[in-house]
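Enquirer: First the structure, which I've put down as structure tokens, then a few questions once you've had a look.
The values are calculated or read from the model by the stated rules, or taken from the named source; none is laboratory data. Just so we're clear, the structure is a prediction, and the values are computed from it rather than from any experiment. Neighbour counts are summed over all protein chains in view; Cβ atoms, including those assigned to glycine, are modelled from backbone coordinates with ideal geometry.
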Amino acid sequence: MADTASDIPAAPEPKATGYSWYVLFVLVVVYILNFIDRQILSILAVDVKADLGLDDSDLGFLGGAAFAVFYALFGIPLGRLADNWSRVRLLSIGLTLWSTMTALSGFAYDKLTLTFARMGVGVGEATASPTAYSLISDYFPKRQKATALAIYSSGLYIGGGVSLFIGALIVEAWNKAYAGGGPMGLVGWQAAFLAVGIPGILVAIWVATLREPVRGAMDGTPSPSSPAPFREFGKDLSMIVPPLTLWGAWKRGPTALAINIGVALAVSAFAWWMIELTGNEPQWIAVGLGYYAVFSWASTLRAHDPATFRLIWGTPAFICTTLGYGLVSLAAYALGFWSAPYAETVLGIPKKELAFWLGANGAISGFVGVIVGGRIADYLRARNPSGRIVMIIFGVVAPVVPIWIGYTTPDPTLFYVMNFLAGAFGATALGAAAATTQDLVLPRMRGTATAAFFLGTTLVGLSFGPYMVGQISVLAGTVVDGKPVSDLRTGILSLIAVAPIALALLIYAYRAVPQAEATIEERAQA
């Protein structure tokens, strides 16, 4: 008698091994370094502002777009390279690059040199999450993916918190030992950049020892790597770097070239208008370059890999999830950058004290929030195809009241408590958002999908969060004794205005995700 379907033994469910958890631990360490190097500027901001003659909008640019635009843009070709080449090697190279550029930030002597160093950090860190997300997806089964990604994402909060504490300790110790400047004339904030950058080069050697897993095997769909990964990387890179973008558009035809030029002119006009309005040239040149380059890359992707384009840019559920979480990250990045300068300048808390409390505050609240949020998101997803979106919506709505109370109170203790709650509530959304976007694409597209997801968190969240607060702070400020005094409180409270927009996007995603996930194969084949 022929076997029936019910007689055929089911394939054993894939499981995470002990080595999977070891790899995850290493990736968390890397992500901690990632955010120490990215966020240490926050605790150094007041000293950097004084030494280099900057204002709050300049600091917002350096903490935001100067890093974020290059992080986002290079994340696109590097995400594709992660889909086609060794993710372990790519991560090791990227860690070496961003650690070196962090150390070189210690030799900055004006806004321009610090800007270039921040750009380099952005390029190097663009390798981290595309490679890590893809590796985690191949080391953990789908039922544990949000939990694993949430654990990985805890490095964001640990690193951000530790950066405040480490930065304050180094600045205080260095300036105490070398009151007039130490070796090579370096002052405390410059020494802090060197001290946190150099260890990453050693960790890069550790990363290089990890094993590369079979791509897609955990999902039962093994996918081979590209036979010519760097040819594809070079093609992607050429499609995102102006003026090569014009050549790429021309190869797709006169109509594509005309559209590309039209978008370039429109973006340039908008950037010029915003420069006239705000007076901040670097911010809007960087943002304009970023958005034009993303359009050029998306157009190229549509022509050369229509399946990937369809599942990312052509899927409203993916776009709304990414933009909705991008607005959550806008508030999170802004608070992460400005909470320390706010406590130091508005509440008058000494740097060492606020670094300890805000550092521990950020690390614990973020860690707890992202882990609990990831577990709840997996629980909700098992019972509702849109369950993870509920967790993202919570991350939008829940922080509003703590932000309002925390940044209107003169009581430092209440400020710390509300900052903790705002951070914990906002962090619950990350694992859910990341897992949702990974589930909406095929395994071979995960690195590219991660890069696209991080466009939302960087070109929307990081590019505008710190800058928006800084710019509004300057505009709302006053002049005292002939000197401009910014209004950080008003700048930070303006973040609440983005919540209704994020909520509308996520309500749409809640309705669209089940159908989008159920039709992945047929839409990719079409």
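Enquirer: Anything in the stretch 251-288 that is under 29 Å from Gly465 (Cβ atoms), of a type in the set (A, V, I, L, M), surrounded by fewer than 15 Cβ atoms within 10 Å (Cβ to Cβ) and modelled with pLDDT of 95 or more? List them, or say none.
Expert: If the condition is that a residue be under 29 Å from Gly465 (Cβ atoms), of a type in the set (A, V, I, L, M), surrounded by fewer than 15 Cβ atoms within 10 Å (Cβ to Cβ) and modelled with pLDDT of 95 or more, then Leu265, Ala266, Ala269 are the ones that fit.
Enquirer: Being surrounded by 16 or more Cβ atoms within 10 Å (Cβ to Cβ) and not in a helix (DSSP H, G or I) narrows it down to one of Arg211, Arg215, Arg302, so name that one.
Expert: Details: Arg211 fails: surrounded by 16 or more Cβ atoms within 10 Å (Cβ to Cβ); Arg302 fails: not in a helix (DSSP H, G or I).
The conditions single out Arg215.
Enquirer: Restricting to the stretch 461-481, and then to whatever is of a type in the set (Val, Ile, Thr) and surrounded by fewer than 24 Cβ atoms within 10 Å (Cβ to Cβ), can you tell me which residue is nearest to Ile496 (Cα to Cα)? Break it down into steps so the answer makes sense when it comes.
Expert: As a first pass, look at the stretch 461-481 and keep what is of a type in the set (Val, Ile, Thr): 469, 472, 474, 478-480.
Filter once more, so that each one left must be surrounded by fewer than 24 Cβ atoms within 10 Å (Cβ to Cβ): 472, 474, 478-480.
Numbers: Ile472: 13, Val474: 18, Thr478: 23, Val479: 26, Val480: 28 Å.
Going through the qualifying residues, I end up with Ile472.
Enquirer: Six or more apart or on different chains, Cβ under 9 Å: which pairs go from a residue in the stretch 160-179 that's not assigned by TED's automatic domain parsing to the domain that holds Ser365 to one that's in a helix (DSSP H, G or I) and crowded, with 21+ Cβ neighbours inside 10 Å? Could you list them?
Expert: Partner pairs satisfying both residue conditions: none exist.
Enquirer: So, one more: Just checking, which of Ala256, Ala271, Ala204 is part of a helix (DSSP H, G or I) and out of contact with any Ser or Thr (no Cβ under 7 Å at 6 or more places or on another chain)?
Expert: Numbers: Ala256 fails: out of contact with any Ser or Thr (no Cβ under 7 Å at 6 or more places or on another chain); Ala204 fails: out of contact with any Ser or Thr (no Cβ under 7 Å at 6 or more places or on another chain).
From the options Ala256, Ala271, Ala204, the qualifying one is Ala271.
Enquirer: Of the residues Ile364, Ile376, Ile393, Ile371, only one is in the same structural domain as Thr458 (by TED's automatic domain parsing) and at pLDDT 95 or above; which?
Expert: Working: Ile364 fails: at pLDDT 95 or above; Ile376 fails: at pLDDT 95 or above; Ile371 fails: at pLDDT 95 or above.
Going through Ile364, Ile376, Ile393, Ile371 in turn, just one is in the same structural domain as Thr458 (by TED's automatic domain parsing) and at pLDDT 95 or above: Ile393.
Enquirer: Residues that are without any contact (Cβ under 8 Å) to a residue 24 or more places away in the chain, at least 2 per element: which helices (runs of 4 or more DSSP H) completely within the stretch 376-475 meet that?
Expert: Numbers: elements: 387-397, 400-406, 412-439, 446-455, 463-475.
By residue number, 400-406, 412-439, 463-475.
Enquirer: Can you tell me which residue within the stretch 412-453, out of those that are in contact with a helix residue (DSSP H, G or I) (Cβ under 6 Å, 6 or more places away or on another chain) and of a type in the set (Phe, Trp, Tyr), is surrounded by the fewest Cβ atoms within 10 Å (Cβ to Cβ)?
Expert: Checked the stretch 412-453; the qualifying residue surrounded by the fewest Cβ atoms within 10 Å (Cβ to Cβ) is Tyr416.
Enquirer: Could you tell me which residue of the stretch 459-494 is modelled with the highest pLDDT, considering only residues that are polar (S, T, N, Q) and more than 15 Å from Pro341 (Cα to Cα)?
Expert: Taking the stretch 459-494 as the starting set, the residues that turn out to be polar (S, T, N, Q) are 463, 471, 473, 478, 486, 490, 494.
Add one more test, that the residue is more than 15 Å from Pro341 (Cα to Cα), and what stays is 463, 478, 494.
Numbers: Ser463: 91, Thr478: 68, Ser494: 94.
Filtering the stretch 459-494 for residues that are polar (S, T, N, Q) and more than 15 Å from Pro341 (Cα to Cα), the one modelled with the highest pLDDT comes out as Ser494.
Enquirer: Could you pull out the residue among Leu114, Leu91, Leu24, Leu104 that is closer than 22 Å to Gly470 by Cβ and either modelled with pLDDT of 90 or more or not in a helix (DSSP H, G or I) (or both)?
Expert: Values: Leu91 fails: closer than 22 Å to Gly470 by Cβ; Leu24 fails: closer than 22 Å to Gly470 by Cβ; Leu104 fails: closer than 22 Å to Gly470 by Cβ.
Going through Leu114, Leu91, Leu24, Leu104 in turn, the sole match is Leu114.
Enquirer: Starting from the stretch 317-333, keep only residues that are over 19 Å from Leu493 (Cα atoms) and part of a helix (DSSP H, G or I), then list their pairs with residues that are modelled with pLDDT under 95 and of a type in the set (Phe, Trp, Tyr) whose Cβ atoms are within a distance under 6 Å, requiring at least 6 positions of separation or different chains.
Expert: Thr322/Phe453
Enquirer: Among (1) in the same structural domain as Ile392 (by TED's automatic domain parsing); (2) in a helix (DSSP H, G or I), there is one condition Gly314 misses while meeting the rest; what is its number?
Expert: Single failed check for Gly314: (2).
Enquirer: Can you tell me which residue in the stretch 511-526 is surrounded by the most Cβ atoms within 10 Å (Cβ to Cβ), limited to those that are in contact (Cβ under 8 Å) with a residue 24 or more places away in the chain and among the polar types (S, T, N, Q)?
Expert: Among those residues, the one meeting the criterion is Gln515.
Enquirer: Can you name the number of the only condition in (1) under 30 Å from Asp55 (Cα atoms); (2) among the small types (Gly, Ala, Ser); (3) modelled with pLDDT of 90 or more that Gly160 fails?
Expert: (3)
Enquirer: State yes or no: is Tyr109 without any contact (Cβ under 8 Å) to a residue 60 or more places away in the chain and on the phi < 0 side of the Ramachandran plot? Steps first, answer last, please.
Expert: Working: without any contact (Cβ under 8 Å) to a residue 60 or more places away in the chain: yes; on the phi < 0 side of the Ramachandran plot: yes.
Yes; evaluated as a whole, the condition is true for this residue.
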